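The values are calculated or read from the model by the stated rules, or taken from the named source; none is laboratory data. As the structure is a computational prediction, the values presented were derived from the model and not from experiment. With ideal geometry, Cβ positions are generated from the backbone for all residues, glycine too; neighbour counts draw on all protein chains shown. Ligands, DNA and RNA are stripped out before the accessible areas are found, and what is left, the full protein with its side chains, is counted by its heavy atoms. Shrake-Rupley method; radii C 1.70, N 1.55, O 1.52, S 1.80 Å.
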Amino acid sequence: MYLEDFALPIVTDSAKTPSMLVVLIPSHFEAKTFVAGLDDQHESHIGGADIVKGHAEKVELTVGMIGMGPPHAPLRAETVIKEAGLRSTPKKVRGVILAGFAGALDPALKRGDIFVTAGAEYLLHLLPEAERPPTARLLTLEKIAGTVAAKKELFERTSAQLCDMEQTYVAAVAKNLGVPFVGIRIVSDEANEDLPADTLSQSYDQETGTYTPWKLAGHLTRNPFKTVPLASFVRLLPPVRTRMSERLHTWLRQAGPRLFA
């Protein structure tokens, strides 16, 4: 399924524009730097999602960490959007941004490249031309594409440039709730890189939607030779996370008050 299937009408009546923006990010790791930059933070936990309310560049936000992939990411996304609507004034949500890491399927993409993968019509015209990120076609998968061979096959078969595990599902939730949607993704792993996918899977239980650090620790204790590949991959991610946070804050400063208006 592709994100283009969930196109939403542009809201043009500024007099009816609600005040709250929702930012959804799959993991706490991905969200850490962005959340740290919020002002007036208030934390809560609702329906399995960790929520931080605050302001970024004077824009009122509800940020939800919704977990990775189905079934929990879309369920928690719906919970966060509805909760934000209850707490905003007027009691609606202006729009939803889903941001996070994505794997590159296109060999031309590099780690740290950032793209709009849905809702470009809401965002790009509000940014200075030099700040406008390119758009990219994204494929949502149920499991990580962990090998070079798997990425190559997906790219050749679908022509999608990026892959993730959440965006199509969350876009469908936004559509069902009648809320405009923007997808922003940054490349965390390149098409020519194998991921330590089996090791990464030990850190998160997709069925329950919970993080399992002790399970990961036990796995590495039993398989110490897997520690180096995992560490080599993870140490590349903080700069990617920082770049994503910086871009989001910049775009909120430039476009936030008018976004989805």
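Just a few scattered comments:
- Restricting the range 144-202 to residues that are within 21 Å of the chain's Cα centre (by Cα) and of a type in the set (Lys, Arg), the residue that is farthest from Pro71 (Cα to Cα): Lys151
- Of the residues making up the range 140-167, those that are surrounded by 18 or more Cβ atoms within 10 Å (Cβ to Cβ), of a type in the set (Val, Ile, Thr) and within 15 Å of Leu195 (Cβ to Cβ) number 1.
- Long-range neighbours under 6 Å by Cβ, at least six apart or interchain, first residue at pLDDT 95 or above within the range 154-174, second of a type in the set (Ser, Thr, Tyr) and open to solvent by less than 30 Å² (accessible area, probe 1.4 Å): Asp164/Thr140; Gln167/Thr140; Thr168/Thr140
- Being of a type outside the set (Asp, Glu), closer than 23 Å to Lys151 by Cα, surrounded by 13 or more Cβ atoms within 10 Å (Cβ to Cβ) and at pLDDT 80 or above is a description that applies to Val240.
- Residue that is under 23 Å from Thr242 (Cβ atoms) and part of a loop (DSSP other than H, G, I, E, B), where the choices are Gly100, Gly112: Gly112
- Residues in the range 77-88 that are open to solvent by 20 Å² or more (accessible area, probe 1.4 Å) and in contact (Cβ under 8 Å) with a residue 12 or more places away in the chain were compared, and the one that is nearest to the chain's Cα centre (by Cα) is Glu78.
- Filtered by the rule that a residue be open to solvent by less than 50 Å² (accessible area, probe 1.4 Å), of a type in the set (D, E, K, R) and in contact (Cβ under 8 Å) with a residue 24 or more places away in the chain, the range 45-62 gives a lone residue, Lys53.
- Here Ala84 qualifies as assigned to a helix (DSSP H, G or I), modelled with pLDDT under 95 and on the phi < 0 side of the Ramachandran plot.
This table checks each residue for (1) in contact with a strand residue (DSSP E or B) (Cβ under 6 Å, 6 or more places away or on another chain); (2) open to solvent by less than 10 Å² (accessible area, probe 1.4 Å).
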site	(1), (2)
Gly37	no, no
Glu43	yes, no
Gly64	yes, yes
His72	no, no
Leu75	no, no
Arg94	yes, no
Gly103	yes, yes
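- Scope the range 23-71; condition assigned to a loop (DSSP other than H, G, I, E, B) and either acidic (Asp, Glu) or more than 20 Å from Ile144 (Cβ to Cβ) (or both); matching residues: Gly37, Leu38, Gly47, Gly48, Glu57, Lys58
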